[in-house]
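Participant: Have a look at this one.
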Amino acid sequence: MEDYQTIRAQLVALRDELEQRLQQITSTIRHADEPPEKDFAEQVTERESDEVLDALGGAAREKLSKIKRAIKRIDESKYGECIVCGKPIARERLEALPYSDMCIICAEKASQTR
């Protein structure tokens, strides 16, 4: 079993950054720092901005979930194994995409079926 502590530290830092970003997005969408806009045109603009932020938040939540699963796999000594075929995931792939849970072959197959 390889020592993935450097990658784990990167994942933890990325997790913390994403959690902070999600808090900011949530606060902005809730307009916690300001009263609702009275002008209808401004309300429409705010709504559009909120929709964009919500989409960004969704993507961040999905990535955050992958990061948390990767940290758990490291802690359980299962990191670096493809969850589909069980073969090792290339070190280069893990360095480029540290929350990857599939080898490149299985990931490509999965993306083709979507």
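All of the numbers you see were taken from the coordinates with simple rules; none came from a lab. The shown structure was predicted, so the numbers you read here are calculated from the model rather than taken from an experiment. FYI the Cβ positions are ideal-geometry reconstructions off the backbone, even for glycines, and counts take in every protein chain you see.
Participant: Could you give the length gained on full extension between residue 113 and residue 10, defined as 0.36 nm per residue of separation minus the Cα-Cα distance, in nm?
Facilitator: On the way: separation 103, 0.36 × 103 = 37.08 nm, distance 3.04 nm.
That pair, residue 113 and residue 10, stretches by 34.0 nm at full extension.
Participant: Which of these values of percent of Cα pairs over 16 Å apart was calculated from the structure shown: (i) 67; (ii) 57; (iii) 71?
Facilitator: Derived directly from the coordinates: (i).
Participant: What full-extension length gain, to one decimal in nm, is calculated for residue 87 and residue 55 as 0.36 nm per residue of separation minus the Cα-Cα distance?
Facilitator: That works out to 8.1 nm of additional length.
Participant: Another one. Using modelled backbone amide H atoms (1.01 Å from N, in-plane), which distant-in-sequence or interchain residues come within less than 5 Å of residue 82's amide H?
Facilitator: Close amide H contacts, sequence-distant or interchain: 87, 89, 103.
Participant: Hey, with R₀ at 35 Å, roughly what FRET efficiency would residue 104 and residue 41 work out to, going by the Cβ-Cβ distance, to 0.05?
Facilitator: Working: r = 49 Å, r/R0 = 1.39.
It comes to 0.10.
Participant: Any idea how many Lys pairs in the chain come in under 17 angstrom at the alpha carbon, given 8 or more places apart or on separate chains? Present the calculation step by step, with values, prior to reporting the outcome.
Facilitator: Working: 63/72; 66/78; 68/78; 78/87; 87/109.
For the chain, qualifying lysine pairs total 5.
Participant: Along segment 51-60, what does the Karplus equation 6.51 cos²θ - 1.76 cosθ + 1.60 (θ = phi - 60°) give for ³J(HN,Hα), rounded to whole Hz, x for Gly and Pro?
Facilitator: 5, 5, 4, 5, 5, 4, x, x, 5, 5
Participant: Determine the dipole magnitude for the chain: charges of +1 sit on the beta-carbon of Lys and Arg, -1 on that of Asp and Glu, nothing else is charged, the reference point is the Cα centre, and the result goes in debye to the nearest 20.
Facilitator: Details: 19 positive and 23 negative charges, 174 e Å.
Roughly 840 debye for the chain.
Participant: Hey, rough spin-label estimate for residue 20 and residue 69, points 7 angstrom out along Cα→Cβ, what's it come to in nanometres?
Facilitator: 2.6 nm
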